[in-house]
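Dropping the structure in here first, questions after.
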Amino acid sequence: MSQITISNMSYQYSSCYNPIFEKVNLVLDTNWKSGLIGRNGRGKTTLLKLLMGVLEPDSRYIKLPGGIDYFPYENVTGYTKVIDIIKENIGGLRTMEIVIDEIINSNNQGLFDEYNTILDKYT
């Protein structure tokens, strides 16, 4: 079984900020589809940057099987079809994206509240 393993990882942007991660332990089976969801500013992108080596954690043990593919934003446009296929194959994210767009475009506070309730279930 191939795994991504994080042991006792900590990270903070600078000494004047609180730690983003403190003694985090995580094991992911690479045979499973995994996703990170959560509100803005909760550390999803930071975690991915730590896994890819873009950021260096304060303390860590991270074991990666092989490598993690990284597409800089500037190069993503050529992969939009691939990204759409991935979205469709991980739990109906394409449908969720359409619903979110409808909520945003409706300017209806009730729908925003419903969206936040749904988001809270997964964060």
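Take MET52 and ILE98, extend 7 Å from each Cα along the Cα→Cβ direction, and tell me the distance between the two endpoints in nm.
The modelled label-to-label distance comes out at 2.9 nm.
Give the peptides 103-111, 30-38, 51-59 in descending order of average Cβ contacts within 10 Å, highest first.
For the peptides 103-111, 30-38, 51-59, the packing ranking is 51-59, 103-111, 30-38.
Quick note: the coordinates plus some simple rules give every number you see, no bench work behind them. As the structure is a prediction and not an experimental result, all values here were calculated from the model. Note: ideal-geometry Cβ built from the backbone for every residue, glycine included; neighbour counts use all protein chains shown.
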